[in-house]
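K.L.:
Quick one: the structure is below, and I'll ask about it shortly.
The values are calculated or read from the model by the stated rules, or taken from the named source; none is laboratory data. Not measured: the values here are computed from a predicted model. With ideal geometry, Cβ positions are generated from the backbone for all residues, glycine too; neighbour counts draw on all protein chains shown. Protein only, heavy atoms only, side chains kept; ligands, DNA and RNA dropped before computing areas. Shrake-Rupley method; radii C 1.70, N 1.55, O 1.52, S 1.80 Å.
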2 protein chains.
Amino acid sequence: MTAKAVDDVAPAVPELETIVSLAKRRGFVYPSSDIYGGINAVWDYGPLGVELKNNVKRAWWKAMVQERDDIVGLDAGILMHPQVWITSGHVGSFSDPLVECQTDHRRFRLDELPGAENLTATDIRDPTIVQRLGLTCPVDGGPLSAPRRFNLMFKTFMGPVEDDAAVIYLRPETAQGSYVNFKNVQQSSRKKLPFGIAQIGKSFRNEISPGNFVFRMREFEQMEMQYFVRPDDAARIFEEWLPRRWDWYTHYGVAPARLRFREHAPDELAHYAKKAIDVEYRFPFGWKELEGIHNRGDFDLSRHQAESGANLEYFDPATEEHFIPWIVETAGGPDRAAFTFLIDSYREEDVRGETRVSLALHPDLAPYKVAVLPLLKKRPEIVELCHRLLKDLKQDLMAVYDDTAAIGKLYRRQDEIGTPWCVTVDVDSLEDLAATIRDRDSMTQERVPIEGVKRAILDRMAAARA
Amino acid sequence: MTAKAVDDVAPAVPELETIVSLAKRRGFVYPSSDIYGGINAVWDYGPLGVELKNNVKRAWWKAMVQERDDIVGLDAGILMHPQVWITSGHVGSFSDPLVECQTDHRRFRLDELPGAENLTATDIRDPTIVQRLGLTCPVDGGPLSAPRRFNLMFKTFMGPVEDDAAVIYLRPETAQGSYVNFKNVQQSSRKKLPFGIAQIGKSFRNEISPGNFVFRMREFEQMEMQYFVRPDDAARIFEEWLPRRWDWYTHYGVAPARLRFREHAPDELAHYAKKAIDVEYRFPFGWKELEGIHNRGDFDLSRHQAESGANLEYFDPATEEHFIPWIVETAGGPDRAAFTFLIDSYREEDVRGETRVSLALHPDLAPYKVAVLPLLKKRPEIVELCHRLLKDLKQDLMAVYDDTAAIGKLYRRQDEIGTPWCVTVDVDSLEDLAATIRDRDSMTQERVPIEGVKRAILDRMAAARA
């Protein structure tokens, strides 16, 4: 297996380049605006990628909304009142430290310069840091400016005139939509504490140095859940969400050995956070954040109450108390999760002297659940039987037909995109009205009556869920 | 039934205000950034709205991608290379005619001024039109400027410096993402003509005068499908899509009497279009476009080929020809579709002297498929039975529990949000282990063993689909 040893403890994962190449070739992810030379840090999801990503979102929604009594969904706009981002602190402090080379005017993120990778948050705020560490331009060696804060929010202008009054921002996070709608949601859904608001949606950050494929993009999607709790319950509830979110990834197949928790050090904590623990994954480029779990205290609702004048207190009918709820947040994203599932499910193995590549994706995540393959495409009765079966399957499942190669190659194509089952229709099928279901991972085959194929696939999917 | 007679031919629909009020009260749609006084032309989807809208998107994806062999999905970025919008003609001509009052500097869209509602496209391009019609400011009667073109694209700046080189746009349509990815998709999915690319995603238009609730927003979502065809097939295939898209709306419950086709007049056609026919719905504010079907000819791919230098021709292995495919587009959106389903499903009827409000939503679209209601919430055995049933249902369905009122009121609450079935657990249930399934539309009740409730609901959903 081609692999890069980033860390001796965790098992190997494929090279980033292996995944990027598979993703583009098979239609998971393409560079955006490819024919115009691309646009930095935006990627487009192709036919298989959009299915994978939709499946990831559906799996999250199922675990976070559908199966629970205490969490409801929300889909707030990307464009919000600009005061939201002043209140939240984003206008003032959602920024990265930018340094500029005085000679060639190239710009860099301070904490990504060679020699500055391990700076503490305190170091980064130090205006003399460039001199203190003797940092120079990594391209031409020229002198660098002192760091200045570069705000990561994209701004635009709403309404027919470009003036300051109309400046608005593309949201850098979905969370604020849940905070400003706290009262609307609580009242219309009649929820009592503790309860949560879940959102999936696009956010935008004008990153100085995006990269690592879909890991850090300027346009990306989030899956965030804000859980509103009594202040004295927050610490306990925070701890409860840690294994829940870990288990969600492992349920869908991520190897526990490639996951770890990492708590933020005090000087690393965001301004709103009382405590923060990341679920990290061992990406091909090292351990990185997959999802963050945050105890945000009463920061968000208190600030919004103070700045908007709206009463955001919760009235507890049991204790007759009025108070500002605390918030425990789980903050992940379908891009990063889908990327993780792609990497983690990648397999290479030797089968009769050839390398078989497969994606051992959980059936709920796989773009196609089943492929229908004719053993002899020249026999019209076989092709017709395939199409009848396909039509039946497609009423309930993402299914695909392929007859453009010999069966061995057709299997490999489906393995490589993670299709859990292939159904092969052969000459015998015309007699016994049965077909062969072949399993992606075990490569075992089972003969099943054609009229029972859909039931068999649905049963196998249900079994994978249990 | 409260209704406004917009047109004598079509049956009455509820007042807009009735829908807006229900939507906010029950958590379908809230004004964005409500606690800060709102932001014009952006709306947030609440717990029920996000389910309805997701169901609409899923129903469209099922009909357009899952059930078909010839259409695949795509999810391109909102941010694209700026050249895309120059090539497409949006930078040059995606604009509305703006006039400004010389006295109070208020701005209006020319064709929405009193006395200018029925202007032709030629009139709108006439620089003397204001004088010719004697138009004045509808607020203070002051003189109006000649119309100038106001571009509807939102622009922003990518990268760490705000200069012209970094100006990019928020896409005003998803379609261009399908055009620039045509070759990537065609090659990685090995499709032959005719085939289509379907996309669902946010688009942004800086409308001069948005309005009518979620009908015209500055941030909105599209469901667009681009169907690539041989040039000589385009006219026929265009005609085939008309009934297909009409039937999709009626399958999900829209009254055919409130739908009509309207063909664009020659001077109304967009610059790219050879022919355009809208599916219109009779909204409370009149007949308006619900979806557009367009024959775009080879405009899009020819332009992108010329401007990008990429070869976007299709090679037909059967005829050995190389040519630029023509495009037939179906362009709708989940906001407008969800809004239509809300309006069209709204019912008021007299039941024993009281007004019963219900949403007769198709079960696939209803936010909750089933509500579990205890007849006596003071009996813990009944409540426990309810929760066991609820947990079972929630593995497969959106289900909800409510015990905060008497049964009559609980039914009305579910009727008003469109829940097709209520399951009532009563004292007898403790003995016979059965529950009552009550139908939203007929209000008939059926006694079913509790262990068979989920199967019964799933069967009824499948029946509604057939």
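K.L.:
Could you check how many residues of segment A:395-426 are in contact with an Asp or Glu (Cβ under 8 Å, 6 or more places away or on another chain), open to solvent by 20 Å² or more (accessible area, probe 1.4 Å) and in a helix (DSSP H, G or I)?
P.N.:
Result for segment A:395-426: 1.
K.L.:
For segment B:436-455, name all the residues that are open to solvent by less than 80 Å² (accessible area, probe 1.4 Å) and over 21 Å from B:ILE417 (Cβ atoms).
P.N.:
Residues satisfying the conditions are B:VAL448, B:PRO449, B:ILE450, B:GLY452.
K.L.:
Of the residues B:SER429, B:SER358, which is open to solvent by less than 30 Å² (accessible area, probe 1.4 Å), in a strand (DSSP E or B) and either outside the structural domain of B:ASN54 (by TED's automatic domain parsing) or over 23 Å from B:PHE28 (Cα atoms) (or both)?
P.N.:
Unique residue meeting the criteria: B:SER358.
K.L.:
May I ask you to list the residues in segment A:162-197 that are more than 9 Å from chain B (Cβ to nearest Cβ) and of a type in the set (A, V, I, L, M)?
P.N.:
A:ALA165, A:ALA166, A:VAL167, A:ALA175, A:LEU193
K.L.:
If A:ASN206 satisfies every condition in (1) closer than 20 Å to B:ILE78 by Cα; (2) of a type outside the set (D, E, K, R); (3) touching a residue at least 60 places away in the same chain (Cβ under 8 Å); (4) at the interface with chain B (Cβ under 10 Å from one of its Cβ atoms) but one, which is the exception?
P.N.:
In the conditions (1) closer than 20 Å to B:ILE78 by Cα; (2) of a type outside the set (D, E, K, R); (3) touching a residue at least 60 places away in the same chain (Cβ under 8 Å); (4) at the interface with chain B (Cβ under 10 Å from one of its Cβ atoms), A:ASN206 misses (3) alone.
K.L.:
Okay, next question. I want to confirm something. Restricting to segment B:92-130 and keeping residues that are within 14 Å of chain A (Cβ to nearest Cβ) and in a helix (DSSP H, G or I), which single residue is surrounded by the most Cβ atoms within 10 Å (Cβ to Cβ)?
P.N.:
B:LEU110
K.L.:
Would you point out the residue of segment B:170-199, among those that are open to solvent by 10 Å² or more (accessible area, probe 1.4 Å) and part of a loop (DSSP other than H, G, I, E, B), that is nearest to A:PHE28 (Cα to Cα)?
P.N.:
The selected residue is B:ARG190.
K.L.:
Another question, then. Determine, yes or no, whether A:ALA371 is open to solvent by less than 20 Å² (accessible area, probe 1.4 Å), of a type in the set (A, V, I, L, M, F, W, C) and part of a strand (DSSP E or B).
P.N.:
yes
K.L.:
Pick out the one residue from A:GLU307, A:GLU348 that is open to solvent by 10 Å² or more (accessible area, probe 1.4 Å), acidic (Asp, Glu) and outside any helix (DSSP H, G or I).
P.N.:
A:GLU348
K.L.:
Considering only segment A:21-40, state which residues are at the interface with chain B (Cβ under 8 Å from one of its Cβ atoms) and open to solvent by less than 10 Å² (accessible area, probe 1.4 Å).
P.N.:
A:GLY27, A:TYR30, A:SER32, A:SER33, listed by residue number.
K.L.:
Inspect segment B:315-338 for any residue being under 30 Å from the mean Cα position of the chain (by Cα) and over 30 Å from B:ASN184 (Cβ atoms) and give the result as yes or no. First the steps, then the outcome.
P.N.:
Restricting attention to segment B:315-338, the residues satisfying the condition of being under 30 Å from the mean Cα position of the chain (by Cα) are B:325-338.
With over 30 Å from B:ASN184 (Cβ atoms) added as a condition, the list becomes B:338.
Yes.
K.L.:
Further, regarding this structure: What do you reckon, is A:LEU242 more than 14 Å from chain B (Cβ to nearest Cβ), in contact with a Ser or Thr (Cβ under 8 Å, 6 or more places away or on another chain) and free of Cβ contacts under 8 Å to residues at least 60 places away in the same chain?
P.N.:
Judged against the criteria, A:LEU242 is not a match.
K.L.:
A further question follows. Among the residues of segment B:49-91, which ones are touching a strand residue (DSSP E or B) at 6+ places or on another chain (Cβ under 9 Å), more than 7 Å from every other protein chain (Cβ to nearest Cβ) and open to solvent by 10 Å² or more (accessible area, probe 1.4 Å)?
P.N.:
Once the filter is applied, which keeps residues that are touching a strand residue (DSSP E or B) at 6+ places or on another chain (Cβ under 9 Å), more than 7 Å from every other protein chain (Cβ to nearest Cβ) and open to solvent by 10 Å² or more (accessible area, probe 1.4 Å), segment B:49-91 yields B:ASN54, B:LYS57, B:TRP61, B:ARG68, B:ASP70, B:PRO82, B:HIS90, B:VAL91.
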